[in-house]
Amino acid sequence: MTPLLEVKELVKTYPGFRLGPVSFSVNAGSITGFIGRNGAGKTTTLKSILNIVHPDSGSVSIFGMPVRENEKAVKQRLGYAGGAVDWYPRKKISDIVGVTKLFYENWDDAEYKKYLDVFGLDPGKTPRELSEGMKVKLNLTIALSHKAELLILDEPTSGLDPVSREELLDIFTALRDRGVAVLFSTHITSDLDKCADHVTYIKKGMIVASDTKEAFIDSFAKDGIRPDLEEIMIACEKEDFREKLAR
């Protein structure tokens, strides 16, 4: 199966931090959780995939096309949401969407109205009138309204209450069943326990593991006891912390 997203040997260097080389892939009809603690390189990786950040080396292909040379065509077919975004804080949601939809050839008003209803968004309100959680829902509504084949989401459940998070996971599952690929970073690993097919774990800018969720968890099992993703991540990160304390 040809991956919808393929990242190969991606490197980006900043003063005091180096990302990579990072390599992993995402297939159609799958949900991939991208985990790692703050500062591990998740957002830099996602922004490099989207060509928002320009990597020093490596390659990113989406839908079989190099992103740098085909950015416009690729972005017509993917959706991105990066948590809460203020947009134009004093403009009505309906006005913001009226402009945004013009950029997408496949914008679907029926889908847009469906997600307005699902998320309980009032198009007559402005972003400044929304809670942080509702701003996340607005961002996701726009990302979901143009028939995206790949969703790239940076902390999409951040700021959402438990019920809204559960509803969002149901949406991800329904999209997966329609063949959509979902890649999302999160600190809330319990969400991935419920819905992820694959897990990619990044630590200090390097990919520690990228595998099916079951294989990833099995690799950390001891004496027949399988830990959950949160237990695995805490154990891996605390090992480094203890080593620093012991110096």
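The values are calculated or read from the model by the stated rules, or taken from the named source; none is laboratory data. Small disclaimer: the values here were computed from a predicted structure and weren't measured. Don't worry about glycine lacking a Cβ; one is built from the backbone with ideal geometry, like all the others, and counts go over all protein chains shown.
Structure data summary
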quantity	calculated
Residues located in the range 86-124, provided they are among the hydroxyl-bearing types (Ser, Thr, Tyr) and either more than 25 Å from VAL163 (Cβ to Cβ) or loosely packed, with under 14 Cβ neighbours inside 10 Å (or both)	TYR88, SER94, THR100, TYR104
Filter result (closer than 14 Å to LYS203 by Cβ and either modelled with pLDDT of 95 or more or not in a loop (DSSP other than H, G, I, E, B) (or both)) within the range 22-57	VAL22, PHE24, PHE34, ILE35, LYS42, THR44, THR45
LEU169 outside any strand (DSSP E or B), in contact with a Phe, Trp or Tyr (Cβ under 9 Å, 6 or more places away or on another chain), assigned by TED's automatic domain parsing to the domain that holds LYS12 and of a type in the set (A, V, I, L, M, F, W, C)	no
Subset of the range 184-198 (residues that are within 12 Å of the chain's Cα centre (by Cα) and not in a loop (DSSP other than H, G, I, E, B))	PHE184, SER185, LEU192
